[in-house]
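**Q** Pasting in a structure now, in structure tokens, and then I'll have a few things to ask.
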Amino acid sequence: MTVRQSKILGGLLAAAVGDAMGAATEIRTTGMIKERFGGYVTDIVQPPEDTWAHWAKAGMVTDDFSVSYFSAEDILKNGGVVTEEVAAQAVIRWSEHPLYSQCAGPTTRAAIAKIRGIPLPPDKHDRLLCHNSRASNGAPMKVGCVGLFDAGDVDKAVDDALVMCRVTHDNTIALSGAAAIAAATARAMDSRVSYFEVIQAGLYGAAEGFKRAEKFARPVAGASVEKRICRAVEIGLRYQGDFEKAMTVISEEIGGGLPANEAVPAAFGYIAATAGDVMQTIHMAVNAGDDTDTVACMAGYIVGALCGVERIPARYLQMIEKMNDFELQKLALGIDALLK
């Protein structure tokens, strides 16, 4: 396996592992996680009955990685070219998967209905000028795969992230978050790149993504993704090496929930706190509480591409592929072939 193949597969696998591991801890606080599981969760375990993924078996992913996986397959079929048509096709195909009924959020459901031409009943929110609640992490959660296709090309990753995500999340904050994740993943695909350079690419992506999205996307009120990444990274660097302190302060000051301007900055904060270590980053995201599977999936794409698949326990590859009927290795080789 070449270095590039390892990085592509590492990004895919780490994102899937983060999602599957975080599925068990999602919605809980850190204290509740430790109480329920007897300590921090550092392996993939069965989600309990009182969480969103109660239907899942250990090793199964949720919408976070599955939407991205379907998107990557369709981008690959299109020769690596990201278009709105390809993005729409991917979410339609995903909507026919059993996971859809279990996982799809309201923003994605509304977008899919619109794509299908299904009229929606009048909603009390239709009259609102700004749909602030739709500035969610549903866009950045699925866009890490774009960074693999756009390896090393941060600006293209930003543009492709906007094209891919405006189909379902056509607002400035969600798109800024998506551009940050895609840009950082693209930079992580470079050889001999540091975790801090990857974070800088994420900051650039957040700023540029917002700037470019302002030209066409709906404005929403909310904190800057870029500035909150800066704050999260400051915290991560300050407490680097102190797992519990870094995780706790980032969780308390930045958050890690559904809003894109919480979840995306938190992911970068954990990367800074662990100096880009794959499993430490995933473990921190998984145990921080709130939308753990989404944050761990997004961060996983970045650190997995940064460090390569060798830094992830080998048993996870077989587990993820078997439990989800995925072909991560085949997908990774297909993406690599396009980059030659």
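**Q** Among the residues in segment 28-39, are any among the β-branched types (V, I, T), closer than 25 Å to A299 by Cα and not in a helix (DSSP H, G or I)?
**A** As a first pass, look at segment 28-39 and keep what is among the β-branched types (V, I, T): 29-30, 33.
Next, only the ones that are closer than 25 Å to A299 by Cα stay: 29-30, 33.
So of that shortlist, the ones also not in a helix (DSSP H, G or I) come out as 29.
Among the residues of segment 28-39, at least one is among the β-branched types (V, I, T), closer than 25 Å to A299 by Cα and not in a helix (DSSP H, G or I), which makes the answer yes.
**Q** Taking E197 and the conditions (1) surrounded by fewer than 24 Cβ atoms within 10 Å (Cβ to Cβ); (2) in contact with a strand residue (DSSP E or B) (Cβ under 7 Å, 6 or more places away or on another chain); (3) at pLDDT 95 or above, which numbered condition does it fall short on, given that it satisfies the others?
**A** Evaluating E197 over (1) surrounded by fewer than 24 Cβ atoms within 10 Å (Cβ to Cβ); (2) in contact with a strand residue (DSSP E or B) (Cβ under 7 Å, 6 or more places away or on another chain); (3) at pLDDT 95 or above leaves (2) as the failure.
**Q** Quick one: is R116 loosely packed, with under 14 Cβ neighbours inside 10 Å and in contact with a helix residue (DSSP H, G or I) (Cβ under 9 Å, 6 or more places away or on another chain)?
**A** Values: loosely packed, with under 14 Cβ neighbours inside 10 Å: yes; in contact with a helix residue (DSSP H, G or I) (Cβ under 9 Å, 6 or more places away or on another chain): yes.
Yes: the conditions hold for R116.
**Q** One residue is enough: does segment 158-179 have a residue meeting the conditions farther than 18 Å from E262 by Cα and hydroxyl-bearing (S, T, Y)?
**A** Yes, there is a match, as at least one residue in segment 158-179 is farther than 18 Å from E262 by Cα and hydroxyl-bearing (S, T, Y).
**Q** Which members of segment 9-23 meet the condition of being within 15 Å of the chain's Cα centre (by Cα), part of a helix (DSSP H, G or I) and either among the aliphatic types (A, V, I, L, M) or surrounded by fewer than 24 Cβ atoms within 10 Å (Cβ to Cβ) (or both)? Break it down stepwise before answering.
**A** Going through segment 9-23, the residues within 15 Å of the chain's Cα centre (by Cα) turn out to be 10-23.
With the extra rule that they be part of a helix (DSSP H, G or I), the set shrinks to 10-22.
If the condition is that a residue be within 15 Å of the chain's Cα centre (by Cα), part of a helix (DSSP H, G or I) and either among the aliphatic types (A, V, I, L, M) or surrounded by fewer than 24 Cβ atoms within 10 Å (Cβ to Cβ) (or both), then L12, L13, A14, A15, A16, V17, A20, M21 are the ones that fit.
**Q** Report every pair of residues separated by at least 6 positions or lying on different chains whose Cβ atoms are under 7 Å apart, first residue within segment 45-61 and among the small types (G, A, S), second surrounded by fewer than 16 Cβ atoms within 10 Å (Cβ to Cβ).
**A** A58/V45; A58/Q46
**Q** Within segment 158-180, count every residue that is touching a residue at least 60 places away in the same chain (Cβ under 8 Å) and acidic (D, E). Even if it seems obvious, please write down each step before you answer.
**A** Kept after step one, since they are touching a residue at least 60 places away in the same chain (Cβ under 8 Å), are these residues of segment 158-180: 160, 163-169, 173-174, 176-178, 180.
Adding the requirement that they be acidic (D, E) leaves 160.
Of the residues in segment 158-180, 1 are touching a residue at least 60 places away in the same chain (Cβ under 8 Å) and acidic (D, E).
Listed here are the residues, each with its yes/no results for (1) in contact (Cβ under 8 Å) with a residue 40 or more places away in the chain; (2) within 18 Å of I181 (Cα to Cα).
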| residue | (1), (2) |
| --- | --- |
| A275 | yes, yes |
| G289 | yes, no |
| V303 | yes, yes |
| Q318 | no, no |
| D336 | yes, no |
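**Q** Sticking with this structure for a sec: Within segment 123-147, work out how many residues are part of a loop (DSSP other than H, G, I, E, B) and surrounded by fewer than 24 Cβ atoms within 10 Å (Cβ to Cβ).
**A** Initially, segment 123-147 is screened for residues part of a loop (DSSP other than H, G, I, E, B), giving 123-131, 135, 137-139, 143.
Applying the additional criterion that residues be surrounded by fewer than 24 Cβ atoms within 10 Å (Cβ to Cβ) yields 123-131.
Summing the residues that are part of a loop (DSSP other than H, G, I, E, B) and surrounded by fewer than 24 Cβ atoms within 10 Å (Cβ to Cβ) in segment 123-147 gives 9.
**Q** In addition: Please go through (1) without any contact (Cβ under 8 Å) to a residue 24 or more places away in the chain; (2) under 21 Å from D19 (Cα atoms) for V81 and return the number of the only condition it doesn't satisfy.
**A** It fails just one condition, (2).
**Q** Let me ask something else about it. Looking at R231, R192, which is the one that is at pLDDT below 95 and surrounded by fewer than 20 Cβ atoms within 10 Å (Cβ to Cβ)? Don't jump to the end; show me each part of the working.
**A** Working: R231 fails: at pLDDT below 95.
Only one candidate passes the filter, namely R192.
**Q** Moving on to the next point. Taking F70 as meeting all but one of (1) aromatic (F, W, Y); (2) assigned to a loop (DSSP other than H, G, I, E, B); (3) in contact with a Lys or Arg (Cβ under 8 Å, 6 or more places away or on another chain), write down the number of the exception.
**A** For F70, the exception is condition (2).
**Q** What's the number of the only condition in (1) touching a residue at least 60 places away in the same chain (Cβ under 8 Å); (2) under 19 Å from the mean Cα position of the chain (by Cα); (3) within 25 Å of V81 (Cα to Cα) that D155 fails to meet?
**A** It is condition (1) that D155 fails.
**Q** To continue, here is another question. Mind listing just one residue for me: the one in segment 255-310 that is part of a helix (DSSP H, G or I) and acidic (D, E) and, of those, surrounded by the fewest Cβ atoms within 10 Å (Cβ to Cβ)? Before the answer, list the steps.
**A** We begin by selecting, within segment 255-310, every residue part of a helix (DSSP H, G or I); these are 260-273, 278-287, 292-307, 309-310.
Imposing the further condition that a residue be acidic (D, E) reduces the set to 262, 293, 310.
Working: E262: 25, D293: 30, E310: 11.
Taking the candidates together, the pick is E310.
**Q** Kindly indicate whether any position in segment 61-68 is within 22 Å of A332 (Cα to Cα), out of contact with any Phe, Trp or Tyr (no Cβ under 6 Å at 6 or more places or on another chain) and small (G, A, S). Even if it seems obvious, please write down each step before you answer.
**A** If we filter segment 61-68 for residues that are within 22 Å of A332 (Cα to Cα), which is where we start, we get 61-68.
Checking the rest, the ones that are also out of contact with any Phe, Trp or Tyr (no Cβ under 6 Å at 6 or more places or on another chain) come to 61-66, 68.
When the remaining residues are screened for being small (G, A, S), the result is 66, 68.
Checked against the condition, which is being within 22 Å of A332 (Cα to Cα), out of contact with any Phe, Trp or Tyr (no Cβ under 6 Å at 6 or more places or on another chain) and small (G, A, S), segment 61-68 yields at least one hit.
The values are calculated or read from the model by the stated rules, or taken from the named source; none is laboratory data. On a predicted model such as this, the values are computed, not experimentally measured, just so you know. Note that each Cβ is placed from the backbone with ideal geometry, even for glycine, and that neighbours are counted across all protein chains shown.
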